[in-house]
Amino acid sequence: MSNINFQNVHTMIGADAKVKGPIYLKEGIIVYGCVEGDIETDGPVRIAQNGIVDGNIKGSDIRVGGVVNGNIKSNGQVVLGKKCELNGDITYRKLLIEDGAKFEGKCDILEELTDN
């Protein structure tokens with residue numbers, strides 16, 4: 001299993017919470033509950049096993065353990081956990097799909113920006 005540094009996580013959506021987004025943050029977030037709307041942050045994003053996101057996710061490193069119905073864009077690593085369900089496209093620098101993950105969509109590697 002690959003480790004993602006969740007040291008900069010300052011926001012948590014509890015298991016009994018339902019939040020209507022969009023959510024914009026500078027630091028990381030962990031979702032145990034339900035988010036209806038996009039999540040955009042400069043930090044890491046973790047969707048716990050029982051977490052649900054109906055919207056797009058953008059972050060530095062993203063780990064999905066629950067359900068995401070939307071696109072994921074990461075300028076770092078994306079990990080799809082063994083019990084996750086993702087219905088959407090992934091844009092990433094590094095990708096790990098664990099055995100058992102359910103994923104329907106396409107993958108694109110994030111291109112490096114070069115100065116000419």
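The values are calculated or read from the model by the stated rules, or taken from the named source; none is laboratory data. Note that the structure is a prediction, hence the values are computed from the model and not measured. All Cβ positions, glycine included, derive from the backbone under ideal geometry; neighbour counts span all protein chains shown.
Name the strands (runs of 3 or more DSSP E) wholly within segment 43-116 that hold at least 1 residues that are in contact with a Cys (Cβ under 6 Å, 6 or more places away or on another chain) and in contact (Cβ under 8 Å) with a residue 12 or more places away in the chain?
Numbers: elements: 45-47, 52-54, 57-59, 62-64, 67-69, 72-74, 77-80, 85-87, 90-92, 94-97, 102-104, 107-109.
Per the criteria, 52-54, 62-64, 90-92.
When you go through (1) surrounded by 19 or more Cβ atoms within 10 Å (Cβ to Cβ); (2) on the phi > 0 side of the Ramachandran plot one by one for G37, which number turns out not to apply?
Of everything listed in (1) surrounded by 19 or more Cβ atoms within 10 Å (Cβ to Cβ); (2) on the phi > 0 side of the Ramachandran plot, G37 misses just condition (1).
I want to confirm something. Restricting to segment 78-116 and keeping residues that are modelled with pLDDT of 95 or more and polar (S, T, N, Q), which single residue is farthest from G28 (Cα to Cα)?
Once the filter is applied, the top-ranked residue is N87.
Answer yes or no as to whether T91 is surrounded by fewer than 22 Cβ atoms within 10 Å (Cβ to Cβ) and among the polar types (S, T, N, Q).
Details: surrounded by fewer than 22 Cβ atoms within 10 Å (Cβ to Cβ): yes; among the polar types (S, T, N, Q): yes.
Yes; evaluated as a whole, the condition is true for this residue.
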